[in-house]
Amino acid sequence: RSKKETLSSTEIRRRCRVYAQKFVNIQREEFKRLGVLGDWENPYLTMTPDYEADIVREFGKVVESDGVYKAKKPVLWCPYDETALAEAEVEYADHTSPAIYVKFKINMRSLAAQQILGENVVDPYLIIWTTTPWTLAANQAICLHPKFDYQIVQVDRGKAFPQTWIIAKELVEPCVKKFDEVTDHKVLKTCKGADLKPLRYFSPFIYLPNLDTPSYPVVLGEHVTLEQGTGCVHTAPGHGREDYQVGMEYDLKVFAPVDSRGRFTTEIEILPDSLPGIEVHKGNDSIIAALKGNYALVKEEKIEHPYPHCWRCKKPVIFRATEQWFISMSGQNLREQAINAIETKVKWIPEWGKDRILGMMKNRPDWCISRQRSWGVPIVAFSCTSCGKLLYNKIIINHVAKQMETGGADIWFSKSANELLPEGTICTDCGGVAFNKENDILDVWFESGVSHAAVLERRPELAWPADLYLEGSDQHRGWFHSSLLASLSSGKGCAPYATVLTHGFTVDGAGKKMSKSSGNVVVPQEIIDKHGAEILRLWVAATDFRDDVRISNAILDQLVEAHRKIRNTCRFLISNLYDYHLEDMAGNPNFLEIDRWALHRLTEVKKKVLYAYEQFEFHTVFHTLNQFCSVDLSTFYLDIIKDRLYASSADSRERREAQTVLYHALSVITRLMAPILSFTAEEIWPFIPENKTASVHLASMDTIPADDGWKEQDTSTWDRLIQVRNEVNSHLEKARVAKQISSSLGASVAIHASSPLYEQLKQRESFLPTFFIVSHVDLISGETFKVEVTARPLETKCERCWVYTEEVGHNSTHPTLCQRCVDVVGGDAPPC
């Protein structure tokens, strides 16, 4: 802060620009390393002259629609940074505050008070509860709910004189039990809050009011609740939004005796002389001490509750009434327009995002768009030095924006008001020709909120509105929110986006928030250095972003293994396509049944993955591809066709059919994985034997080869066959463990089955040894399904295909091969 006070605005801006550009460069390189596609040499930055000019123009459009005004209202204020804040610029953190009950003496000099309470009432008080004692210095009223029942209660206080207290009916018992000074109590009367409106009271900081002591009104408000406190709400229009709204209704003074640094000012008259100059939170003790001295403090407690803190300095903020610029939520029916767009015009992913932003929009106040800083885009407005009239309209604003196109927002701080204004500008009220520039800058959320205009409308390759806005769940009150209001208030008539997608935050493996003190922080660069950017991309895609996303070394290790399996599957496909050419492609009618099943599954995977992409369900994409590669291909289809790939003749129909399936699988998988496993897909792409684009990322998803003709109408038979295979594999594994066989090809399998399974197996009897990867299969019709595994010790193993068969040794030229392998390698000699 001390350094900031010694620097000029232009020097602060210069340093900020250098600092911002440094991190633009860092983030650009980090995004590149992650494989994020972007126009990296021509990014949009809110600090470039053209963008700054567009910010000002969009502000001008809101001004033209009569949506901008300047007023003294309570806003969130950071005393450390000395600036107003938006809701999106505060973070809620646990904070311990004093919670006090205070009694305000009722003025019984009025006839109305005597009629309501009775002439003989004993020492009457209104009891309030507050967690911000410092705001009592600005109290202007006490608010009651018009429809609540309030009880007038006589309280006995031991040796002290009895008093009469007014508390909401439902809170009387909880309160008197809490108050140490109350020994007994008796309800004298019950009446509605509206009936108590004629009452007036004195400040609790005056012990003995006299005839000249000012009194304050009781007012009514619907915001009063019975959740805690007394039902009587201390009201300071200068330090609270609801207080301000009530104050406007009852013409209360907007009193805020606090300076920009959050210190009490000399405007305070009835409090200790030591209070001015003290920071308000530190002043709580002095306030409480003064109340004790006047016997006005009923009870003091400590309460821990979520309290707003500045997002920059992390210090507690306050509500403080100051002159600020606002965009009206009622002008042009802005609130109604926004609600309609949220409910009917935008797709929200996940769906609950709609309810969240809708609730915020329904209850939000007017948008405070001014900030008391040097770094940013100025609010283009002027004031007459003679009469103080504000001067801001679209003509003036656009005139300044045109100058910013080349000079940027810096010109506002380097040129005089008359240099910036159109020639011949005069004050329409007094005819003055000298003007001052507005000192405030625009809210940064307005800057980012007009990106739809500064980016989409400027770049010919882009279209308005955007297809998608993507950010974290905190942006329902941030960028999503400000973009919608900026678009509608400037007269666009609709939202700047068609779809809004929200993701959760990153937490550790146990779901806990990351922090250095907990030692659970996972640094992205360390993941990249250890595993490569691909694993980090895979982690992003593999989890359901709609919830908070967990990350840990254990989770990353699982993804490393999953990536290895996908990569190895693709490596297998590539290694078996080394001699495959497009002219070798087999037609659909020629495919074996197992190949048709594989192509059917490929079609299903393609449709499921493409639909998942459309729905932004990237975790479904990953799990579908992982399942297909690891289970459907690696442990099933590829295992079965290895015999055809390795043992059949190179140009044989059965091998070419298998290769055709592998080709289609590789082509489809590579394109489908490309948005997620970008580096892996790009590495695979050159090895796919087809006429294609230079990069997989230039290939359209529409060209993915997965023919609907491959889709089978009924897969129930194959579903059952796969179940049988799993059962057979289970028995084979038991035989291996018992050392009855060394491999599945050393086994013979007998399957007992009834109809219709028996018939289904019988139709495929010649294929079953290949299907189960055994040397022989016997089918036995029976009522009970059963699998039996036996070794084949009487037969010889073919050294080429490893199948045990009686055919081995029948050819003199190749005595160690079976007949099929003899035919493949060429066997001219007669049988032995």
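Find all pairs meeting these conditions: Cβ atoms under 8 angstrom apart; at least six residues apart or on different chains; first residue within the range 781-795 and modelled with pLDDT under 90; second residue of a type in the set (A, V, I, L, M) and part of a strand (DSSP E or B).
Within 8 Å, the pairs are GLY782/ALA753; ALA791/ALA747; ARG792/ALA747.
Condition first: charged (D, E, K, R) and within 23 Å of PRO689 (Cα to Cα). Can you find one or more residues in the range 581-590 that meet it?
Within the range 581-590, one or more residues are charged (D, E, K, R) and within 23 Å of PRO689 (Cα to Cα).
ALA409 fails exactly one of the following numbered conditions: (1) modelled with pLDDT of 95 or more; (2) assigned to a helix (DSSP H, G or I); (3) among the aliphatic types (A, V, I, L, M). What is the number of that condition?
(2)
Can you say whether GLY283 is in contact (Cβ under 8 Å) with a residue 60 or more places away in the chain and either surrounded by fewer than 14 Cβ atoms within 10 Å (Cβ to Cβ) or more than 21 Å from ALA84 (Cα to Cα) (or both), as far as the supplied structure shows? Can you show your working first?
Details: in contact (Cβ under 8 Å) with a residue 60 or more places away in the chain: yes; either surrounded by fewer than 14 Cβ atoms within 10 Å (Cβ to Cβ) or more than 21 Å from ALA84 (Cα to Cα) (or both): yes.
So GLY283 fits the description; yes.
For the range 618-666, which positions are without any contact (Cβ under 8 Å) to a residue 24 or more places away in the chain, of a type outside the set (Val, Ile, Thr) and farther than 23 Å from PHE767 by Cα?
Listed by number, the list holds a single entry, GLN627.
Could you tell me which numbered condition HIS531 fails, if it satisfies all but one of (1) exposed (fewer than 13 other Cβ atoms within 10 Å of the Cβ); (2) at negative phi?
Of everything listed in (1) exposed (fewer than 13 other Cβ atoms within 10 Å of the Cβ); (2) at negative phi, HIS531 misses just condition (1).
Report, by residue number, each residue of the range 185-194 that is surrounded by 13 or more Cβ atoms within 10 Å (Cβ to Cβ) and not small (Gly, Ala, Ser).
HIS185, LEU188, LYS189, THR190, CYS191, LYS192 - these are the residues of the range 185-194 that are surrounded by 13 or more Cβ atoms within 10 Å (Cβ to Cβ) and not small (Gly, Ala, Ser).
Any idea which of (1) farther than 21 Å from VAL540 by Cβ; (2) in a helix (DSSP H, G or I) is the one LEU577 doesn't satisfy?
Result: LEU577 fails condition (2) only.
Within the range 419-426, is even one residue among the polar types (S, T, N, Q), buried (at least 16 other Cβ atoms within 10 Å of the Cβ) and part of a loop (DSSP other than H, G, I, E, B)?
Yes, the range 419-426 has at least one match.
Every residue, every condition in (1) free of Cβ contacts under 8 Å to residues at least 24 places away in the same chain; (2) surrounded by fewer than 21 Cβ atoms within 10 Å (Cβ to Cβ), yes or no:
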| position | (1), (2) |
| --- | --- |
| ALA138 | no, no |
| LEU144 | no, no |
| LYS159 | yes, yes |
| PRO174 | yes, yes |
| THR183 | no, yes |
| LEU196 | no, no |
| PRO214 | yes, yes |
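Considering only the range 523-537, state which residues are over 19 Å from the mean Cα position of the chain (by Cα) and part of a helix (DSSP H, G or I). Even if it seems obvious, please write down each step before you answer.
Let us first name the residues in the range 523-537 that are over 19 Å from the mean Cα position of the chain (by Cα), namely 523, 525-535.
Within the range 523-537, GLN525, GLU526, ILE527, ILE528, ASP529, LYS530, HIS531, ALA533, GLU534, ILE535 qualify.
Taking ALA463 as the residue in question, decide whether it is farther than 26 Å from GLU91 by Cα, surrounded by fewer than 13 Cβ atoms within 10 Å (Cβ to Cβ) and either under 19 Å from the mean Cα position of the chain (by Cα) or free of Cβ contacts under 8 Å to residues at least 60 places away in the same chain (or both).
Values: farther than 26 Å from GLU91 by Cα: yes; surrounded by fewer than 13 Cβ atoms within 10 Å (Cβ to Cβ): yes; either under 19 Å from the mean Cα position of the chain (by Cα) or free of Cβ contacts under 8 Å to residues at least 60 places away in the same chain (or both): yes.
When the stated conditions are applied, ALA463 passes them.
Yes or no: the range 287-302 includes at least one residue that is in contact (Cβ under 8 Å) with a residue 12 or more places away in the chain and closer than 26 Å to GLU91 by Cβ.
yes
Is it true that CYS430 is in contact (Cβ under 8 Å) with a residue 24 or more places away in the chain, out of contact with any helix residue (DSSP H, G or I) (no Cβ under 9 Å at 6 or more places or on another chain) and hydrophobic (A, V, I, L, M, F, W, C)? Before the answer, list the steps.
Details: in contact (Cβ under 8 Å) with a residue 24 or more places away in the chain: yes; out of contact with any helix residue (DSSP H, G or I) (no Cβ under 9 Å at 6 or more places or on another chain): yes; hydrophobic (A, V, I, L, M, F, W, C): yes.
So CYS430 passes the test.
Test of understanding: among SER386, SER328, which residue is over 25 Å from the mean Cα position of the chain (by Cα), among the small types (Gly, Ala, Ser) and surrounded by 16 or more Cβ atoms within 10 Å (Cβ to Cβ)?
SER328 is the lone residue from the list that is over 25 Å from the mean Cα position of the chain (by Cα), among the small types (Gly, Ala, Ser) and surrounded by 16 or more Cβ atoms within 10 Å (Cβ to Cβ).
Taking into account only those residues within the range 664-697 that are among the hydroxyl-bearing types (Ser, Thr, Tyr) and over 22 Å from ALA562 (Cα atoms), which is surrounded by the most Cβ atoms within 10 Å (Cβ to Cβ)?
My answer is SER695.
Would you mind finding the one in GLU52, GLU5, GLU29, GLU11 that is among the acidic types (Asp, Glu), buried (at least 16 other Cβ atoms within 10 Å of the Cβ) and part of a helix (DSSP H, G or I)?
One residue alone meets the criteria, GLU52.
I'd like the full set of residues that are in contact with a helix residue (DSSP H, G or I) (Cβ under 7 Å, 6 or more places away or on another chain) and within 18 Å of TYR216 (Cα to Cα), limited to the range 89-126.
Listed by number, the residues that qualify are VAL102, ILE106, ASN107, MET108, ILE116, PRO124.
I'd like the residue in the range 347-383 that is among the aromatic types (Phe, Trp, Tyr) and buried (at least 21 other Cβ atoms within 10 Å of the Cβ) and, out of all such residues, is nearest to ALA454 (Cα to Cα). Can you show your working first?
To start, the set of residues in the range 347-383 that are among the aromatic types (Phe, Trp, Tyr) comprises 348, 352, 367, 375, 382.
Checking the rest, the ones that are also buried (at least 21 other Cβ atoms within 10 Å of the Cβ) come to 367, 382.
Details: TRP367: 21, PHE382: 24 Å.
Here the residue is TRP367.
Taking the range 283-297 as the search range and keeping residues that are part of a loop (DSSP other than H, G, I, E, B) and touching a helix residue (DSSP H, G or I) at 6+ places or on another chain (Cβ under 9 Å), which one is nearest to PHE161 (Cα to Cα)?
Looking at residues that are part of a loop (DSSP other than H, G, I, E, B) and touching a helix residue (DSSP H, G or I) at 6+ places or on another chain (Cβ under 9 Å), I get ALA296.
Could you check how many residues of the range 94-136 are assigned to a helix (DSSP H, G or I) and surrounded by fewer than 20 Cβ atoms within 10 Å (Cβ to Cβ)?
Of the residues in the range 94-136, 4 are assigned to a helix (DSSP H, G or I) and surrounded by fewer than 20 Cβ atoms within 10 Å (Cβ to Cβ).
Yes/no per residue for (1) crowded, with 20+ Cβ neighbours inside 10 Å; (2) farther than 30 Å from GLU336 by Cβ; (3) of a type outside the set (Gly, Ala, Ser); (4) within 20 Å of the chain's Cα centre (by Cα):
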residue	(1), (2), (3), (4)
SER483	yes, no, no, yes
ALA498	no, no, no, yes
PHE505	no, yes, yes, yes
SER517	no, yes, no, no
VAL521	no, yes, yes, yes
THR569	yes, yes, yes, no
ASN576	yes, yes, yes, no
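Please determine, by comparing only the residues of the range 714-743 that are modelled with pLDDT of 90 or more and small (Gly, Ala, Ser), which one is nearest to VAL631 (Cα to Cα).
The residue in question is SER730.
Output the residues belonging to the range 57-86 that are at pLDDT 90 or above, over 20 Å from MET248 (Cα atoms), in a strand (DSSP E or B) and out of contact with any Ser or Thr (no Cβ under 9 Å at 6 or more places or on another chain).
CYS78
In the range 142-158, how many residues are assigned to a loop (DSSP other than H, G, I, E, B) and at pLDDT 95 or above?
Residues flagged as assigned to a loop (DSSP other than H, G, I, E, B) and at pLDDT 95 or above within the range 142-158 amount to 4.
The values are calculated or read from the model by the stated rules, or taken from the named source; none is laboratory data. Source: prediction; values computed, not measured. All Cβ positions, even for glycine, are placed from backbone atoms using ideal geometry, and neighbour counts span all protein chains on display.
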